[in-house]
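Novice: Sharing a structure with you now.
The values are calculated or read from the model by the stated rules, or taken from the named source; none is laboratory data. Just so we're clear, the structure is a prediction, and the values are computed from it rather than from any experiment. Here the Cβ positions follow ideal geometry from the backbone for every residue, glycine too, while neighbour counts run over all protein chains shown. Surface accessibility is based on the protein's heavy atoms, side chains included, excluding ligands, DNA and RNA. Shrake-Rupley method; radii C 1.70, N 1.55, O 1.52, S 1.80 Å.
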Amino acid sequence: MSSMTQSTRFPMFILMLNLFIALLGQGMLIPILPEYLKLFHAGGTVAGFLVAAFGAAQFLFSPLGGQWADRFGRKKLIMAGMFLVVVSDLIFAVSTSLPLLYIARFIGGISLGLMVPANLAYVADITTLETRAKGMGYFGASMNLGMVLGPGLGGFIAEMGVRMPYFVASGLGLVAALLTLLLPETLPPEKRTISTSKKKGFAMGEQIWSSFKVPYFGYLLIILVMTFGLMSYETVFSLFAEYKYGFNASTISIIITMGAIIGIVIQIWLLDFFVKRLGEIKLIRLSLIMTPIALLLMLIKVNLAFLLFASALYFAFNAFLRPTVSSLISQNAGDRQGYASGLNTTYSSLGTVFGPLVAGLLFDKNVNFPYIFGAFMLLAALSLTMSAQRSKRGNRYASE
């Protein structure tokens, strides 16, 4: 954070720690979920629906989280989201029936739907145009680090009882919520906007329709496409590596962890350098070329070293994409940072919901199809960057 002022570093540290703890809790739940579901005599189908419930709730509430962050301030939404994380994990820990599990995951999706847009808006508030991409990179790196360390910690804690990781996740979430009390509010009352519900309401359809008119709509589509591609990769990669290469779970875990670590390194130490060297638009275009190349390289069966190389290439350029696109969305949002951040999370959630479904269907047809389809989508997204220079010139918000 050397390029940021002292007044910016402390809030950024709290935000990163906040998100790290929240995503650490989420990551802790991954390795023990199959064993936990055995208590309910449930398996893969229920696990899939639990993931979908989480993504659907996040999709539904992200626009509200963004608008409310503009109306009530960033800090209140971040705190509300963190306390809902605590409630979600606690309900999951004490559940004795499947309906309670679904309720817990839906609440968890609501929590991120409220919290992530407010966090993005907070980062935009405390950074300048020159440091915003770096701030977004820190934002993504803290989430990635939580997801990297979470599974190992969850597996270790589960030795004390299969429900214990959920109690620990709830406790960590409470710590993060209390830390949020230390954050200063960045949006004073006189700058808060009146909710647009007076003229249009909060209907999801109207929110999506209004997003078509904003100057950063092309970037929202890129967010959707790259999340779609990443979720497709994550959903079937274990099956792909086992079916095509015969790798076991430990080897697959090494590949995924390596990729996440690469993403962290890039977002913390390299992103700012490449943004300054190439500019946002060129970096996005380069990434939209290299990520599909990496996906297609994975289809060539050679050996573990080659798959590690292709995976590293994919994760590296994917790590450039999200914070860079988020930075451009913020630059074009004017004084509606919360609203823009909510749309950012909404389009990301769409990819989270539908990416796994499409990947699963394509994988059942042919093991290579999800990666071929993802590669074509990313290449097609290149066309969305053609008008980016024009929209970037106007750092203003287009009214709904």
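Novice: Name the single residue that is most open to solvent (accessible area, probe 1.4 Å) among those in segment 57-73 being within 16 Å of ALA333 (Cβ to Cβ) and not aromatic (Phe, Trp, Tyr). Walk me through how you get there before you give the answer.
Specialist: The initial filter retains those residues of segment 57-73 that are within 16 Å of ALA333 (Cβ to Cβ), namely 62-63, 65-71.
In the following step, the residues that additionally are not aromatic (Phe, Trp, Tyr) were identified as 62-63, 65-67, 69-71.
Values: SER62: 0, PRO63: 4, GLY65: 0, GLY66: 0, GLN67: 8, ALA69: 0, ASP70: 2, ARG71: 88 Å².
Taking the candidates together, the pick is ARG71.
Novice: Also, quick follow-up: Please indicate, with yes or no, whether at least one residue in segment 152-162 is at pLDDT 85 or above, aliphatic (A, V, I, L, M) and assigned to a helix (DSSP H, G or I).
Specialist: yes
Novice: Still on this structure: Would you confirm whether any residue within segment 108-116 is more than 24 Å from ILE266 (Cα to Cα) and surrounded by fewer than 22 Cβ atoms within 10 Å (Cβ to Cβ)?
Specialist: no
Novice: Being part of a loop (DSSP other than H, G, I, E, B) and at pLDDT 80 or above is the filter; apply it to segment 346-400 and report the residue that is surrounded by the fewest Cβ atoms within 10 Å (Cβ to Cβ).
Specialist: ASN366
Novice: Please state which of the following conditions LEU296 fails to meet, knowing it meets all the rest: (1) surrounded by 24 or more Cβ atoms within 10 Å (Cβ to Cβ); (2) more than 30 Å from GLY65 (Cα to Cα).
Specialist: Exception for LEU296: condition (1).
Novice: Among the residues that make up segment 193-214, is at least one of them in the same structural domain as ALA380 (by the TED database), of a type in the set (Phe, Trp, Tyr), modelled with pLDDT of 85 or more and more than 21 Å from VAL353 (Cβ to Cβ)?
Specialist: No; the residues of segment 193-214 include none that is in the same structural domain as ALA380 (by the TED database), of a type in the set (Phe, Trp, Tyr), modelled with pLDDT of 85 or more and more than 21 Å from VAL353 (Cβ to Cβ).
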